[in-house]
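Here is the structure we will look at, set down as structure tokens.
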Amino acid sequence: MKKLTGITRVWRAVILSIIGFYMLLPIVAMADFSTRAGADGGRNFDSWAAIPSAPGLLESIAVSLQLALLAVIGILVLLVPTMIWVHLRLPLMRRPLEVLCLLPIAIPAIVIVVGIAPIYRWLSQFFGSSPLSLAFVYTILTFPFAYRAVNTSLRSVDVNTLAEAARTLGASWPRTIAGVIIPNIRAGILGACVISIALVLGEFTISSLLNYETMQVVINLLGKREGQISVAVSLAALIFAFVLLVAIPTSGKKQEVG
Amino acid sequence: MSSNESSLPAVQLNSLRRAFGPVVALNDFSLEIAQGELVALLGPSGCGKTTALRALAGLQDLDAGQIVVQGKDITSLRASKRDMGMVFQSYSLFPHMTAQENVEYGLRLRKESRQKVGRAKRAIEMLELVGLDTQAKRFPHQLSGGQQQRVALARALAIAPDVLLLDEPLSALDAKVRSQLRDEIRRIQLELGTTTLFVTHDQEEALGVADRVGVMSEGSLAQIASPAELYERPNSALVAEFVGLTTPLPCEVIDRRAHLLGSSVPVLPGSVTTGPALALLRPESIDLVPDKQSDSIVLTVSFLGSVCRVIVQLPNKTLLTVQAPSDQISTFSPGSGVGFSFREQPVFAKGIPA
């Protein structure tokens, strides 16, 4: 790497600390607020201890985690194979697929809700009122982000040549994709999964408008009655998502080297 | 191998046809490769040589034509069911596998070599063949470009393919590695007796290793012959100009002899038979003699080792490239006058473009 001059290094440190301060300040404030005891400045962890007993909270966390899992499955089963196939066999479809995958980010959440509410009324005949049926819309919501992550990986390796090499060596298409392509775009797939999980855990608008009790909806309700507990849960959720963001790609890397 | 089998061509490509929109990549392309033969397809980019190779590999669909390998029609067989070992132009090793795992990959997919021990032994043997058995545990990104292409060669040969397909495997390498690996490919190919199709745009590569070289133009074969014959007896101006160096000089063809520069040489079949033409002269078909009276003047002399290349300006300003032994280098200093003596070596004479 190029050696940095003194001034560059100072600037870098300044910018990093400004951004770091900007990002950390609300988190520190949350930690401060959620551990306050009374007006005299004492501290305790009562609101953190009260998380398990808050009405509906643990259930909603379970629902959100299941939804995140379902969205990840949706990405792995639907998006990743489609993208690989289009990349290898239907290069002309790359642009249309990209546009299609980016649509959910271009359409405001409220419009999506208006559009899918009738579909959900129909879906409820099959799935009842289970909040897990949100997985359908969540999978679609994660496409723009998952697409970006997987696409970057697909472009960084010469997947076409790798696929041709595998096939001349006798590998069928499924074996080629499972044994050669996927291991080489694993970083992108992991990234797509992490982003999807973070997105689903943080989603509020759609679940609230469709009247499903996901984690964010319950946190919001809670905030109106028990401010401290709500902030404690929010902070816990943030930390959880952060740990996930760091942990999953790291574990992927370790396996690659080992 | 029974004598019956060896008399059968290993590969027959019959009237292959393929168009990409208006571009005809293969136009009634036919080629036979004998058992154990190394055929090189040579041509400028876009002449269809890679399309032909990919069609044989099953990676390219055809509009028409038939592909027969070892007597079996495989035209409609999928790439994964054909026994072809292929080495690609770009690095194609699987990045997440070691060199040895790469070589084992094709074996692992074959039922008869499912045993792990036998597979590993075979992989190491193949890596030994390309001189890389000590690097078996390395990942592709830890190997140099030349090493990667060697492993790719070992991987392609490990499955004992019907045909080895080389798609410009050397063009990403630097000059020294390139000529080294080129000779090594030939050595290994002869050692294993693998029928091989080698596609390249580099004539030195093609002439250097192949039993026969096919020059392609616009989707079909212009000529296919041994390297020496291709060089000495081209059947068309295209082949004469593409293979080796030529200088076109105006001449008069009379009675199958080209008259030029006060001398005459026989013309090759396929040449203009009578009247004005352009003789395509090879640098080594002319000997220079010092001649102070001459209007032809040495312009530059470049030393190439055992020979030197002399560029002579003729009275009509045309530049003629001539090859001379290096010990004559002092005789032909720039500015000195020279005369010519032609060897009795047939030349190709092409019509003068209108």
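Which residue is surrounded by the fewest Cβ atoms within 10 Å (Cβ to Cβ), if the candidates are limited to the stretch B:66-125 and must be acidic (Asp, Glu) and within 14 Å of another protein chain (Cβ to nearest Cβ)?
Pass one, the stretch B:66-125, residues acidic (Asp, Glu): B:73, B:83, B:101, B:104, B:112, B:125.
This time we only want the ones that are within 14 Å of another protein chain (Cβ to nearest Cβ), so: B:83, B:101, B:104, B:112.
Working: B:Asp83: 18, B:Glu101: 18, B:Glu104: 22, B:Glu112: 7.
By that ranking, first place goes to B:Glu112.
Quick one: which residue in B:Tyr91, B:Tyr105 is in contact with a Leu (Cβ under 8 Å, 6 or more places away or on another chain), more than 22 Å from B:Gly214 (Cα to Cα) and of a type outside the set (Asp, Glu)? Lay out the reasoning, then the answer.
Values: B:Tyr91 fails: in contact with a Leu (Cβ under 8 Å, 6 or more places away or on another chain).
Only one candidate passes the filter, namely B:Tyr105.
At least 2 residues that are within 14 Å of another protein chain (Cβ to nearest Cβ) and either touching a residue at least 40 places away in the same chain (Cβ under 8 Å) or among the aliphatic types (A, V, I, L, M) (or both) in each: list the helices (runs of 4 or more DSSP H) lying fully within the stretch A:76-195 that qualify.
Numbers: elements: A:80-89, A:94-106, A:109-127, A:134-156, A:159-168, A:173-176.
It comes to A:159-168.
Okay, residues lined up against (1) aliphatic (A, V, I, L, M); (2) surrounded by fewer than 13 Cβ atoms within 10 Å (Cβ to Cβ):
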| position | (1), (2) |
| --- | --- |
| B:Leu304 | yes, yes |
| B:Cys308 | no, no |
| B:Val312 | yes, no |
| B:Pro315 | no, yes |
| B:Ser330 | no, yes |
| B:Pro334 | no, yes |
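Would you point out which residue out of B:Ala160, B:Ala228 is of a type in the set (A, V, I, L, M, F, W, C) and away from every other protein chain (no Cβ under 14 Å)? Walk me through it before giving the result.
Values: B:Ala160 fails: away from every other protein chain (no Cβ under 14 Å).
Checking each option against the conditions leaves just B:Ala228.
Which of the residues spanning the stretch A:209-232 are under 18 Å from the mean Cα position of the chain (by Cα) and assigned to a helix (DSSP H, G or I)? Let's see the steps before the verdict.
If we filter the stretch A:209-232 for residues that are under 18 Å from the mean Cα position of the chain (by Cα), which is where we start, we get A:214-217.
Within the stretch A:209-232, A:Met215, A:Gln216, A:Val217 qualify.
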- Task: Please work out if B:Leu165 is surrounded by 20 or more Cβ atoms within 10 Å (Cβ to Cβ) and within 12 Å of chain A (Cβ to nearest Cβ).
- Result: yes
- Message: Every residue in the stretch B:41-86 that is charged (D, E, K, R), closer than 19 Å to A:Arg89 by Cβ and touching a residue at least 60 places away in the same chain (Cβ under 8 Å), please.
- Response: B:Arg54, B:Arg82
- Would you check which residues across the stretch B:247-261 are under 14 Å from B:Arg282 (Cβ atoms) and without any contact (Cβ under 8 Å) to a residue 60 or more places away in the chain and list them? B:Leu260
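Need a quick list: strands (runs of 3 or more DSSP E) entirely within the stretch B:263-354 having at least 2 residues that are within 27 Å of the chain's Cα centre (by Cα). Show your work before the answer.
Working: elements: B:263-266, B:275-281, B:286-290, B:297-303, B:307-313, B:319-325, B:338-342, B:348-350.
Filter on the stretch B:263-354 gives B:275-281, B:297-303, B:307-313, B:319-325, B:348-350.
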- Check the stretch A:99-121 and report whether any residue there is over 30 Å from A:Ser208 (Cα atoms) and surrounded by 13 or more Cβ atoms within 10 Å (Cβ to Cβ). no
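Conditions tested, residue by residue: (1) within 16 Å of B:Leu320 (Cα to Cα); (2) in contact (Cβ under 8 Å) with a residue 12 or more places away in the chain.
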site	(1), (2)
B:Ser271	no, yes
B:Pro276	no, yes
B:Arg282	yes, yes
B:Asp295	yes, yes
B:Ser302	yes, no
B:Ser306	no, yes
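FYI, it's all coordinate maths here, none of it is from the lab. Because the structure is a prediction, the values reported are computed rather than measured. Every residue, glycine among them, receives a Cβ derived from its backbone with ideal geometry; neighbour counts consider all protein chains shown.
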